[in-house]
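Asker: The structure that follows is given in the form of structure tokens.
The values are calculated or read from the model by the stated rules, or taken from the named source; none is laboratory data. Please read all numbers here as calculations on a predicted model, not as lab measurements. Cβ placement follows ideal geometry from the backbone for every residue including glycine, while neighbour counts extend to all protein chains displayed. Heavy atoms of the whole protein, side chains included, go into the accessibility calculation; ligands, DNA and RNA do not. Shrake-Rupley method; radii C 1.70, N 1.55, O 1.52, S 1.80 Å.
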Amino acid sequence: MNMITNHLPTAELQALDAAHHIHPFTTQDELAAKGARIITRASGVTLTDSEGCEILDAMAGLWCVNIGYGRDELAEVAARQMRELPFYNTFFQTTHVPAIALAARLAELAPADLNHVFFAGSGSEANDTNMRMVRTYWAQKGKPDKKIIISRKNAYHGSTMAGASLGGMTPMHEQGGLPIPDVHHIDQPHWYEEGGDMDREDFGLMRARELEKAILDLGEDRVAAFIAEPVQGAGGVVIPPDSYWPEIQRICDKYEILLIADEVICGFGRTGNWFGSQTFGIRPHIMTIAKGLSSGYAPIGGSIVCDEVAEVIGGCEFNHGYTYSGHPVAAAVALENLRILDEEGIIDTVRTETGPYLAEKWATLADHPLVGEARSVGLMGTLALTPDKAARAPFAGDKGDVGYICREFCFANNLVMRHVGDRMIIAPPLVITKAEIDTLVARARTALDLTLEKIKKDGLYE
Ligand code: PXG
């Protein structure tokens, strides 16, 4: 316990929050009745709330605080940049040093000929850029009808009109008349929930071949691009079968459609390489980046674009841009974050030490009576909760009820672990130590025990 006194009492803050602050993805009335948990500070992998509780943040904020909390270097760089040049735009034939340096560094880090960066303020904005960029690319090549972007059900690509349309979240589509035209969704490679009796790898191939079928059905001359996360994050850390990505790559190559890898979660070390595309052998034309780019210390996103696409776009005025494209403070913070990730060998540690260690410890949870599967890649992990392991069966009540119960037990026991339906997911800061991984897994097991006890009592475990 670490009591904090430099703010209003929790109840007063909660009342003000409920009165004036509309939260994302939240039923306001329910939250107002309950009161939001107020996070006041953080260090390393640990959050402190307004009551002084210390919480292990196994979600790295929102999949973004890759270098962990409390790095003074980033604060210092931000302050220095604010004094020197707090803002200038990158429109109207101007630029500035942080945007130049960050673009050049990203070109170095990104694989193959991904050498050009268009900056945005977030992952959603970057995917809006991507949608317009790939359509402009084909229009410039004399194929204005190549407009359709194929995505996947249960994908997450952001919350703007284009981002939510590209995403495959039905509850998002139901609000605001989405998806916008010329977005098509195919099935996801989610063997655990949708694979039935099929072999995992056969299922992966089958789901990849849906892309080929969609291209043929829609017409090769109408399809601009395919967009996908290397591992679906918000969809529940859906790690695809090994057969999936090579087949997707083959199909994209064969039909010459652009491949957009949405690296917003997988990028900057999450899977043990700089980019998820490297872990899964994907050769994208465009990568969407955000989150770990600045470890969440400043809002920044972007699109890293290959030579060919940049060259074609370069032949016209691309009528697109954001006030904060390449914001100097955010860019300076991102550069410093990349320096720390690199110089401290954080990504190598994930690949060779903490990733394999998490995999081993996380897998031990598979012996729990509630857990149907425990998988991880790098430092992202997922547990499928089930009342019947052999059948991979769902629970009797509404989907997500048991996951929610488990999440509440995690939170009450000072662990932030998310639920997506009845899957539990983690993506801790990349600087988590082995000892902290032990604590994480121990708290997760306690939450599973408490969940099992409660759902047995409530008659949900049938
Ligand atoms: N692409 C992917 C793959 C993402 O995960 C975005 C784009 C959008 O980025 P911005 O910066 O606009 O939020 C994301 C964001 C969740 C959750 O509940 C996930 C995200 C955002 C908010 C919540 O898992 N991912």
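Asker: Need at least 1 residues that are within 18 Å of the chain's Cα centre (by Cα) and surrounded by 19 or more Cβ atoms within 10 Å (Cβ to Cβ) per element, so show me which helices (runs of 4 or more DSSP H) inside the range 328-447 make the cut, counting only ones lying wholly within it.
Answerer: Per the criteria, 328-343, 346-349, 355-363.
Asker: Sticking with this one: Restricting to the range 123-135, name every residue that is within 9 Å of the ligand (Cβ to nearest atom) and among the hydrophobic types (A, V, I, L, M, F, W, C).
Answerer: Correct list: Ala126 only.
Asker: For residues that are buried (at least 20 other Cβ atoms within 10 Å of the Cβ) and part of a helix (DSSP H, G or I), scanning just the range 136-176, find the one that is farthest from the ligand (Cβ to nearest atom).
Answerer: Top of the filtered list is Trp138.
Asker: Name, by its number, the condition in (1) touching a residue at least 24 places away in the same chain (Cβ under 8 Å); (2) more than 22 Å from Thr271 (Cβ to Cβ) that does not hold for Ala390.
Answerer: Checking Ala390 against (1) touching a residue at least 24 places away in the same chain (Cβ under 8 Å); (2) more than 22 Å from Thr271 (Cβ to Cβ), the one that fails is (1).
Asker: Quick one: in the range 1-40, which of the residues that are farther than 24 Å from Ala442 by Cβ and of a type in the set (D, E, K, R) is least open to solvent (accessible area, probe 1.4 Å)?
Answerer: Restricting to residues being farther than 24 Å from Ala442 by Cβ and of a type in the set (D, E, K, R), the top hit is Asp17.
Asker: Another question about this same structure. Check off (1) in contact (Cβ under 8 Å) with a residue 24 or more places away in the chain; (2) of a type outside the set (Asp, Glu); (3) not assigned by TED's automatic domain parsing to the domain that holds Met380 for Phe25 and give me the number that stays unchecked.
Answerer: For Phe25, the exception is condition (1).
Asker: Would you tally the residues in the range 450-459 being without any contact (Cβ under 8 Å) to a residue 12 or more places away in the chain and assigned to a helix (DSSP H, G or I)?
Answerer: Selection size over the range 450-459: 3.
Asker: Moving on. Of everything in the range 20-35, what is more than 16 Å from the ligand (Cβ to nearest atom) and either touching a helix residue (DSSP H, G or I) at 6+ places or on another chain (Cβ under 6 Å) or not in a loop (DSSP other than H, G, I, E, B) (or both)? Give them in sequence order. Talk me through it step by step, then tell me what you get.
Answerer: Narrowing the range 20-35 to residues more than 16 Å from the ligand (Cβ to nearest atom): 20-21, 28-30, 32-35.
Scanning the range 20-35 gives His20, Gln28, Asp29, Glu30, Ala32, Ala33, Lys34, Gly35.
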